[in-house]
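Here's the structure we're looking at; comments come further down.
The values are calculated or read from the model by the stated rules, or taken from the named source; none is laboratory data. What you see is a predicted model; the values in this text were computed from it and never measured. No Cβ is skipped: glycine too gets one built from the backbone with ideal geometry, and neighbour counts run over all protein chains shown.
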Amino acid sequence: MNITNLSAYLEEFLALKRTMAEAEPHYDAFDRRSLRHKEKLLRNFLAFWNHHGCPWPIRAAHVLDWLAAESHPQHPYRGQHRFYVLRAFLQQVRAFEPETEVPDKIFKFRRPRRTPHIFSEREIVLLMRATRHLRLFETFRPLTLRTMIGLLASTGLRIGEVLRLKSEDAKLTANPPFLLIYETKFGKSRNVALHPTTAHRLRRYLVKRGEVLENRLAKTFFTNVSGKPLGYASTRSTFRRLLKHAGIQSVPGQRAPSLHSFRHTFTVTRLTRWHLERRNVQELLPHLSVYLGHVGPENTYWYMTATPELLQTAAALFDRQQSQGAANP
């Protein structure tokens, strides 16, 4: 094994990573920078390996030597990141070169989770009203954004699912009305039932959409005035402007409000209402997972942020159960 052969493996690895990343609907400049950074790290390792005489097969000790040479006491987490980037590459090399040694995980990998932003009803109303400040756009774009925000808030759909939704997949006259969501994350397809008021708003949007597009064909439900699909990057950029107009800011220690925050908001709101209605939440949770397009309830737990309202209703339910147990020993 020489530097030329290992470099060829690296090019294959990087090509695979780029292909997988570009297939994601939310691929953007941040992802491109992340890929470039990983490429820089791996090329740095190849240079280190070549400088030390291309020892073969690669052993775990070589990885540790590289980490030690590049470590910095003021940035302790950089070594952890470098380790996992290189480990992923060596796993692919080992598929072709079985004698390659992939080091065991020496870091306890933890990704701290910041509390997601949960939109209040007032904030959702403010966001919809903020579309009136988009004076650079024609009247159809603000309507599109208002309708999209309403759909996200009332269904918990992923933004990618909303942007890819086709007109023929919106069954707005059915009883009950629903959306057909095809082959999204986890490779699942599902029907998403709609509240009658949500379906009414979507039907009104379709009427205006038909008037604006006239005879122009459009593949997706939400479009611009030319009938072209809305891009994720431009939609996210406009949404950030809406947040600014609405006066909604990030809370220290929490994730910044985003289009994905509606999914967290929907989940927490639904759980809170079930508690208030004294429903069996554990029994209903699998149904919520299916509605959200998750493989199982374990994927839904990620969205269950403990808001004051949710904690209060859960505590009240617990107190009632305790009181009933004491009254009926």
Which of the residues that make up the stretch 206-230 are of a type outside the set (A, V, I, L, M, F, W, C), within 13 Å of R141 (Cα to Cα) and outside any helix (DSSP H, G or I)?
T223, N224, S226, G227, K228, P229
Filtering the stretch 21-51 for residues that are at pLDDT below 90 and either outside any helix (DSSP H, G or I) or among the polar types (S, T, N, Q) (or both) leaves a count of 7
Exactly one of (1) at pLDDT below 90; (2) basic (K, R); (3) crowded, with 20+ Cβ neighbours inside 10 Å is unmet by R114. Its number?
(3)
Is one or more of the residues making up the stretch 2-18 within 29 Å of H260 (Cα to Cα) and among the basic types (K, R)?
yes
Qualifying positions in the stretch 224-237 - crowded, with 16+ Cβ neighbours inside 10 Å and of a type in the set (S, T, Y)
Y232, T235
The stretch 160-175, residues that are free of Cβ contacts under 8 Å to residues at least 40 places away in the same chain and either of a type outside the set (S, T, N, Q) or touching a Lys or Arg at 6+ places or on another chain (Cβ under 7 Å) (or both):
E168, K171, L172, A174
